[in-house]
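Chemist: For reference, the structure I am asking about is given below.
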Amino acid sequence: MTTRNTILIADDFLVNRQLLKIIFQEQFKILEAENGEDAINLLSRNHEDIALLFLDLQMPVKSGIEVLQFMEDEGLDRLIPVIVITGEGSEEIDEKVYELGASDIIYKPFAPKVVMRRSMNIMELFSHRIDLENAMEARTRELNRSQEKLKRFNQFLMGSICSVAEFRTLEPNTHIDRIKYFTKLLLGYLRKYYPKYGLTAEQVKEITEASALHDIGKLVIPDRILLKPSELTKEEYQIMKTHTTTGAKLIEQFIDDNSDDGMFYRYCYDICKYHHERYDGGGYPSGLVGDAIPIWAQVVALAHTYDNLVSKRVYKVPYIEKEAVRMINEGECGVFSPELLDCFNLAKEEFVLASKEENFVFKED
């Protein structure tokens, strides 16, 4: 339990202060205030030690109501219980003092034993409540630390999985960093010039991180297909296309819409499943058309397409950057939305510079 060993008695009548002092002086240190201003000063200096405030309402300089208002403004009403001592009561006054945080009202003249019992009960309840709140705050801090550790572990795990996927496909180790960078660029321009998508800074950050998992489904594609140095057969291509749905299934088990990470894994799921969809319905696996394709999947689709064009693969040589830009704009690699192409052209110089950098590393803000 919290240790508070002081009672403050605020009353302009000495007799009332003395009577209350006699009741409690054997167990508590006693502070006295002759008016509301003195009470406020004593509260300010000793609030960590005060276990209870006895407060008269009718006092000079500042009233008991003003003292209660001060305590509410400073948050002391959550730390120190107040028992109002008054000779005159009314329904209106009673309601006011309770609204301002008073724990109890005792009317003069009062019986010492009754005051003692009610006061001890109130102090004990307040002390237990404060201890419980402190314990809950400590538990919340520990939970937040645990969640942060779990988040860092998940990021490490995802990074490791993405590295394995890159290694299996023999893609350059800069591929995922460039995908994240291109995704962030496109999302930034979309957020700036196309507010209809309602993208926030936090969404941009989460979608950028989620883009790293776009090809996680390739982990289960057989090497004979994944690493084939020549054109795939029709049957092999159908197997290769399953990396979209397989990746989505791998992510699906992590989706919990009620958790803090729920939306992040929803982005991962959509990106894995739909990053080969095209705006005109010519993509796979679902043949979605237009804005039926989640905008984050559309963005990663364009980023992925550009990086594939300018990168060396086991089955092709890279295109020069200017040619890749032309092919995307002219629809030779599938159709993208006009808004997305607009953002791509705004960002194309940054795309080109990043793709020319041999050891490109994506840097967080």
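The values are calculated or read from the model by the stated rules, or taken from the named source; none is laboratory data. Treat the numbers as computed from the prediction; the structure is a model and nothing was measured. Cβ sites come from the backbone with ideal geometry, for glycine too, and all protein chains shown count toward neighbours.
Chemist: (1) under 23 Å from residue 306 (Cβ atoms); (2) modelled with pLDDT of 90 or more: which one isn't true of residue 215, the others all being true?
Modeler: (2)
Chemist: Is it the case that residue 278 is modelled with pLDDT of 95 or more and within 27 Å of residue 356 (Cα to Cα)? Even if it seems obvious, please write down each step before you answer.
Modeler: Values: modelled with pLDDT of 95 or more: yes; within 27 Å of residue 356 (Cα to Cα): yes.
Against the criterion (modelled with pLDDT of 95 or more and within 27 Å of residue 356 (Cα to Cα)), residue 278 qualifies.
Chemist: While we're on this one: Scan 37, 32 and give me the residue that is assigned by TED's automatic domain parsing to the domain that holds residue 105, touching a helix residue (DSSP H, G or I) at 6+ places or on another chain (Cβ under 6 Å) and at pLDDT 95 or above.
Modeler: Values: 37 fails: touching a helix residue (DSSP H, G or I) at 6+ places or on another chain (Cβ under 6 Å).
The conditions single out 32.
Chemist: Is there any pair linking a residue in the stretch 1-30 that is aromatic (Phe, Trp, Tyr) to one that is not in a strand (DSSP E or B), with Cβ under 7 Å and at least six apart or on different chains, and which?
Modeler: Between residues of the stretch 1-30 that are aromatic (Phe, Trp, Tyr) and residues that are not in a strand (DSSP E or B), the close pairs are 28/5.
For every residue, the table says whether it meets (1) farther than 24 Å from residue 360 by Cα; (2) touching a Gly at 6+ places or on another chain (Cβ under 7 Å); (3) at pLDDT 80 or above; (4) not in a helix (DSSP H, G or I).
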site	(1), (2), (3), (4)
143	yes, no, no, no
152	no, no, no, no
155	no, no, no, no
176	no, no, yes, no
180	no, no, yes, no
192	yes, no, yes, no
205	no, no, yes, no
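Chemist: Any idea which of (1) modelled with pLDDT of 95 or more; (2) part of a helix (DSSP H, G or I) is the one residue 22 doesn't satisfy?
Modeler: If we test residue 22 against (1) modelled with pLDDT of 95 or more; (2) part of a helix (DSSP H, G or I), just (1) comes out false.
Chemist: Looking at the stretch 98-107, can you tell me whether even one residue there is buried (at least 20 other Cβ atoms within 10 Å of the Cβ), touching a Ser or Thr at 6+ places or on another chain (Cβ under 8 Å) and at pLDDT below 95? If you could, list the steps in order and put the result at the bottom.
Modeler: Initially, the stretch 98-107 is screened for residues buried (at least 20 other Cβ atoms within 10 Å of the Cβ), giving 102-103.
Retained after the next criterion (residues that are touching a Ser or Thr at 6+ places or on another chain (Cβ under 8 Å)): none.
The answer is no, given that none of the residues of the stretch 98-107 is buried (at least 20 other Cβ atoms within 10 Å of the Cβ), touching a Ser or Thr at 6+ places or on another chain (Cβ under 8 Å) and at pLDDT below 95.
Chemist: Inside the stretch 248-365, counting only helices (runs of 4 or more DSSP H) that do not spill past its ends, which hold 3 or more residues that are of a type in the set (A, V, I, L, M) and free of Cβ contacts under 8 Å to residues at least 60 places away in the same chain? Step through it out loud before you land on a result.
Modeler: On the way: elements: 262-274, 295-310, 321-329, 338-356.
Answer list for the stretch 248-365: 295-310, 321-329, 338-356.
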